[in-house]
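The values are calculated or read from the model by the stated rules, or taken from the named source; none is laboratory data. All values reported here derive from a predicted model rather than from experimental measurement. So basically every Cβ, Gly included, is an ideal-geometry build from the backbone, and we count neighbours across all protein chains shown. Ligands, DNA and RNA are stripped out before the accessible areas are found, and what is left, the full protein with its side chains, is counted by its heavy atoms. Shrake-Rupley method; radii C 1.70, N 1.55, O 1.52, S 1.80 Å.
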Amino acid sequence: MSIDYQSLAVRGVQALSPYQPGKPIDELARELGLNPADIVKLASNENPLGPSEKALAAAREALSELCLYPDGNGFDLKQALAKRFGVDMSQITLGNGSNDLLEVVARCFVSSDSEVIFSQYAFAVYPIVTQAIGAKGISVPAKDWGHDLDAMAEAVTDRTRLIFVANPNNPTGTVHGQEAIQSFLDRIPASVIVVLDEAYCEFFEGEDAPDGLKLLSRYPNLIVCRTFSKAWGLAALRVGYSFSSPEIADILNRVRQPFNVDSIALAAATAVLDDEDYLQRSREVNAKGLRQLEQAFERMGLPFIPSVGNFIAVDVGDQAMEVYQSLLKQGVIVRPVAGYGMPKHLRVSVGLPEENEKFIQALEHALDAVNRGE
Ligand SMILES: *Cc1c(COP(=O)(O)O)cnc(C)c1O
């Protein structure tokens, strides 16, 4: 008798669709017979500068100890983070990317009869980790592409255990200032965990720039998640971290895998925190690139969502998938966001000036071709 293994998967997992990552360069090169060196990938919000030299040197040095288990407590990295951000080491939890932490938080606090709140157009990982547990995800309609924080606060019920707030948000690039976040937190019962996902916080330094860290002492239910994948340029190594109360960190620590961050990643992340120059260049290249893309979209008459991240969502019209395909054929990978309910938009990560230029020219060509019905 053959067994239907689908039906054996737990209920939430049966209906789950996997996270859709950006298309890898080598995959496109194989499919179209292109030279990988000619392909520009602006699809996963990666840092276009390449890794920091300091991080590379530390990673190389760590290679000589590949036979040893990593430090499961991540002492050096936690110490460096504690020093940089003025927190106690007991408030820090390390993750295999911040994705890992988002999932660990859900597994610690959410059961199948609970509800988890997030916004429409918010990061795809929130509904995935919610559904994997079999919990009910409450997607609150967005306002002007950003979170409707009032509506999210009103959506809290006695079953709500967790709220995810991406700030800035991906894929829209919208942001809420510190005051808005604070008045939101004021409305949330202390028994509901709030994750402030600040994966892109380093790119935004405006006057009212949100900073979850400054709110930690006031809101014991708050967890602030950050990552080395974006501004710090270490996406391949998978290192994320969270700040919370020591009590919450202790809970997260019980569920995370004991060696969830490997020794190369620990060494590189610890070293890059000293590379202030790299961070500064990341910010500058990003700010310039964002302007370059915005100006091109304005010239082409394409509506875009103003972004404070290292990516921007542009409205290319009803034939966004055709435009995406045409860009691929020209060796430019961006990210369709139809899966986020944004079928007319493409999300473009900010690259180096010449990469942005290649994308802009390819986009003009793609729009021409699609308009001619080719
Ligand atoms: C990229 C991103 C992350 C970070 O992912 P890592 O697992 O740390 O690489 C987290 N949240 C959002 C909203 C992101 O866009």
Completion exercise
Compactness check, the range 64-272: C-alpha Rg relative to the 2.2 N^0.38 Å globular estimate gives 0.98
Exercise for the section: Please work out the average accessible area per residue across the range 64-272, using the 1.4 Å probe convention, and give it in Å². Expected result: 40 Å²
Completion exercise
Mean separation of Cα contacts under 8 Å (at least 6 apart) over the residue count of the range 64-272, i.e. the relative contact order in percent, is 28 percent
Handout entry: Separation in nanometres of the label points that stand 7 Å from Cα toward Cβ, at V255 and S2
Key = 3.7 nm
Fill in the blank from the handout: Calc'd 3J(HN,Hα), the range 188-196, phi into Karplus 6.51 cos²θ - 1.76 cosθ + 1.60 (θ = phi - 60°), Hz, glycine/Pro = x, comes to 9, x, 5, 7, 9, 6, 10, 9, 9
Problem - Relative contact order computed over the chain (Cα-Cα under 8 Å; 6+ residues apart), in percent - result: 23 percent
Practice task
Tally the DSSP beta bridges in the chain and give the antiparallel ones as a percent, rounded to 5.
Solution key: 50 percent
Handout entry: Heavy-atom accessible surface of the chain: percent carbon and sulfur, 1.4 Å
Key = 50 percent
Exercise for the section: Work out, step by step, the length gained on full extension between L352 and D76: first 0.36 nm times the residue separation, then minus their alpha carbon distance; give nm to one decimal. Expected result: 96.1 nm
Problem - Selected from L216, L162, L32 as most flexible by GNM, with the chain as the system and alpha-carbon contacts under 10 Å - result: L32
Completion exercise
With label points set 7 Å from each Cα along the Cα-to-Cβ direction at A190 and S217, the distance between them in nm comes to 1.7 nm
Completion exercise
Here the percent of antiparallel bridges among DSSP beta bridges lying wholly in the range 64-272, to the nearest 5, is 35 percent
Completion exercise
Kirkwood Rh for the chain from C-alpha pairs, in Å, is 21.7 Å
